1. Report yes if some residue within the stretch 95-102 is touching a strand residue (DSSP E or B) at 6+ places or on another chain (Cβ under 9 Å), modelled with pLDDT of 95 or more and part of a strand (DSSP E or B); otherwise report no.
2. Quick test for you: out of GLU70, GLU47, GLU53, GLU36, pick the one residue that is of a type outside the set (Ser, Thr, Tyr), under 17 Å from ARG140 (Cα atoms) and loosely packed, with under 12 Cβ neighbours inside 10 Å.
3. Can you tell which of ARG115, ARG88 is closer than 20 Å to LYS33 by Cα, assigned to a strand (DSSP E or B) and of a type in the set (Lys, Arg)?
4. From the list SER35, SER21, SER27, exactly one residue is modelled with pLDDT under 90, under 14 Å from VAL120 (Cβ atoms), small (Gly, Ala, Ser) and touching a strand residue (DSSP E or B) at 6+ places or on another chain (Cβ under 6 Å). Which is it?
5. Within the stretch 126-145, which residues are modelled with pLDDT of 95 or more and in a loop (DSSP other than H, G, I, E, B)?
6. For the stretch 58-65, does any single residue satisfy the condition of being of a type in the set (A, V, I, L, M, F, W, C), within 15 Å of the chain's Cα centre (by Cα), at pLDDT below 95 and under 18 Å from ASN126 (Cα atoms)?
7. Could you count how many residues in the stretch 96-125 are within 15 Å of ARG51 (Cα to Cα), crowded, with 16+ Cβ neighbours inside 10 Å and not acidic (Asp, Glu)?
Amino acid sequence: MMKKAINLILLVILAHFTSCSLNDNESIDVDLKNSEWNFVAFNLGDEWTERLEDTTVTLRFNSNNTIEGEAGCNSFSGAYISSGNSIRFNITGATLINCEDEINNQETEYLNGIRRARVVAIDQNNLELRITRNTSLVFRRMLEN
């Protein structure tokens with residue numbers, strides 16, 4: 001119950017972040033290199049879909065413009081190009097472990113979202129990969145222990 005309450009509070013904060021984030025036409029210099037992020041939720045405009053509990057979903061930006069991460073059941077890798085707040089991803093590899101249907105569905109949506117993302121916004125420890133004006137993937141920075 002407490003975990004759900006914390007997640008709800010986090011989603012409200014992220015909703016505010018998302019509503020205040022960049023317009024597609026605005027440009028900033030976003031440095032993603034050597035950063036690692038935990039996936040929090042899909043923002044579908046009027047609806048938020050949280051990451052499934054007990055799944056690890058991450059995205060790491062390496063110094064050589066490559067990415068890697070966990071998608072819930074499988075790991076993936078690829079490359080990215082960014083300029084200002086524009087971003088493009090190319091996922092070039094992924095493991096092919098078959099998982100429970102619910103996890104497979106989340107994984108498919110997550111990887112498709114990364115492939116389709118076109119705008120990036122960072123606000124301190126929050127990252128938004130925008131797919132359309134009202135649709136995005138929302139992440140929280142992994143903090144070092």
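1. Scanning the stretch 95-102 turns up no residue that is touching a strand residue (DSSP E or B) at 6+ places or on another chain (Cβ under 9 Å), modelled with pLDDT of 95 or more and part of a strand (DSSP E or B).
2. GLU53
3. ARG88 is the lone residue from the list that is closer than 20 Å to LYS33 by Cα, assigned to a strand (DSSP E or B) and of a type in the set (Lys, Arg).
4. Of SER35, SER21, SER27, the one residue that is modelled with pLDDT under 90, under 14 Å from VAL120 (Cβ atoms), small (Gly, Ala, Ser) and touching a strand residue (DSSP E or B) at 6+ places or on another chain (Cβ under 6 Å) is SER21.
5. Residue satisfying the conditions is MET142 alone.
6. Among the residues of the stretch 58-65, not one is of a type in the set (A, V, I, L, M, F, W, C), within 15 Å of the chain's Cα centre (by Cα), at pLDDT below 95 and under 18 Å from ASN126 (Cα atoms), which makes the answer no.
7. Adding up the residues that qualify gives 7.
The values are calculated or read from the model by the stated rules, or taken from the named source; none is laboratory data. Keep in mind that what you see is a predicted model, and the values were worked out from it rather than measured. Cβ: placed from backbone, ideal geometry, glycine included. Neighbour counts: every protein chain shown.
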